[in-house]
1. Lysines near LYS322 by alpha-carbon distance under 21 Å, same-chain residues fewer than 8 away left out - which ones?
2. Can you list the HN-Hα couplings for segment 327-334, worked out from phi with the Karplus curve (6.51, -1.76, 1.60; θ = phi - 60°), rounded to whole Hz and with x for Gly and Pro?
3. Helix by helix, which DSSP H runs in the chain go 30 Å or more along their axis at the Cα atoms and have an average Kyte-Doolittle hydropathy of 1.0 or more?
4. Under the rule of -39500 (n - 2.57) per DSSP H run of 4 or more residues, summed and divided by the residues of the chain, what mean residue ellipticity at 222 nm is obtained, to the nearest 500 deg cm²/dmol?
5. So, in nm, how far is label ASP28 from label GLU305 when the simple model puts each one 7 Å beyond its Cα toward the Cβ?
6. Given a cut-off of under 8 Å on Cα pairs at least six residues apart, what relative contact order in percent is computed for the chain?
7. So who's got an amide H within less than 5 Å of the one on ILE182, skipping anything under 5 residues away but keeping other chains? H placed 1.01 Å off N, in plane.
8. With unit charges on the beta carbons (Lys and Arg positive, Asp and Glu negative) and the dipole taken about the Cα centre of the chain, which residue among ALA403, LEU148, HIS52 sits farthest to the positive side?
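All of the numbers you see were taken from the coordinates with simple rules; none came from a lab. This one's a predicted model, so the numbers in the text were calculated from it and none came from an experiment. When we count neighbours, we look across all protein chains shown, and the Cβ atoms used for this are built from the backbone with ideal geometry, even at glycine.
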Amino acid sequence: MQRTLIREVPSQVGKEVLLKGWVSVRRDHGKLVFLDVRDRSGSVQVVVLPNHLESCAAVHEVRNETAISLVGKVNERPANAKKEGELTGGVEIEALELAILAKGEEDLPIDVSSADLDVNLDTLLNNRTVSLRHPKIQAIFRLYSLLLAGYDQACRREEFVEIKTPKILSSATEGGANFFKIKYFDREAYLAQSPQFYKQAGATVFERVFEIGSVFRAEPHFTSRHVNEYVGLDGEMAFIDGVEDVMAMLERIMFSTFVSFGEDGAAELDRYAAHLPPQVAIPRIRLSEALRILKEEYGKEVENEDIDGEGERMISEYVSKKYGSDFVFLTHYPVALRPFYSMPSADGKYTETFDLLFRGVEIASGGQRIHEYRMLVDSIRRKGLDPEQFRDYLDVFRYGAPAHGGWGLGSERIIQKLLGLGSIKEALLYPRDVKRLSP
Ligand code: ATP
Ligand code: MG
């Protein structure tokens, strides 16, 4: 007999089916045993009647989360037993045969049978493979999978070529402080804290490239939006007229990515009462203007012409009220706040760069890059760095490179803000932070 997926069960009324899945909850009512069984496609109620107890003897050993297979008859349920909005609520499986596929060694460390998993972050992460069994937790990663696919498709539609760049580097470039040092045979090496140089090289060859890849940051953060290993969604494009082209492309790609959530992730979004951002034109505000708004509207003073986390929240709130947008581009950061490869504005004081904020948090940084060799060498020097250290990178420009720019998005922050998760760590299967290196 071939396996039937649970979502197909409603069309099989009166027939016998073979199901495989996990028991989410076991309930005993006198001589009846009820099991909520789930597989990757959904869940359905199974009843073991007293007259089938012999062929279903294994049910005595079934507990919550036991993996089982069963043959059963699909029966229609009385109308008053149907649960609102539940795909398979109209049917029930009368078990005829039941087998345990793998017996657990011990009781579960946490109860994952309740509708909302009510445990603290450490418990959730310490018992990750068990907490992931909970459908609400799974929903995060089903949406995450849609994010990766949506970003991939959106980039391809715009004729970006997917590249994968090395994550083991010979030197700690870009200043250096936040690199993890590793042993590489008889040498030292570093884990990449961004694909920046390689994706720029890619753009000078393929015009448009994107990468979905791991990023390592050796920063001792204790915040709700930082981890030490995350997945970056990068993009870089050549033959641009200016940074505006980069923002316009990122805006299109973001909106197009969110369409796939709407189409395929509706049920998962519902579990978090999450709504998609409205697709209204994303406002672009110069950082200096944003700082003026913060001062005038919120009485907030800033230091070093920079914006902090609180400022980002406030300006997002302001933009949401005024323009109805969940996103905002802050543009033209001062030279001092941006890396050496940032294209300076005509005034020489600011840069052709931006941050993209989503619901109060930075989700991307980007900008136009310097593509002229001489200018780049000067910029490296002005930051107090040695051009000799950037030999391989400078080769990209030594033979002429077109104007280009791009962005780096943090994938987990997008999911965190989309679902309103308290910590970014909930959006990583196995997060790494200062204290956590396992599971
Ligand atoms: P922040 O100022 O929030 O620390 P950043 O400006 O240092 O971030 P970038 O180098 O601009 O980060 O990286 C691009 C994007 O990658 C960020 O906008 C963010 O979405 C994501 N990102 C950066 N650092 C982290 C981190 N430690 N954990 C998770 N995501 C991160
Ligand atoms: Mg940034």
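1. LYS295, LYS300, LYS417
2. Whole-Hz 3J(HN,Hα) from phi for segment 327-334: 10, 8, 8, 9, 10, 6, 6, x.
3. none
4. -9000 deg cm²/dmol
5. My value for the distance between the label points is 7.3 nm.
6. It rounds to 13 percent for the chain.
7. When sequence neighbours closer than 5 places are left aside, the close amide H contacts are ALA189, TYR190, LEU191.
8. Positive-end residue among those listed: HIS52.
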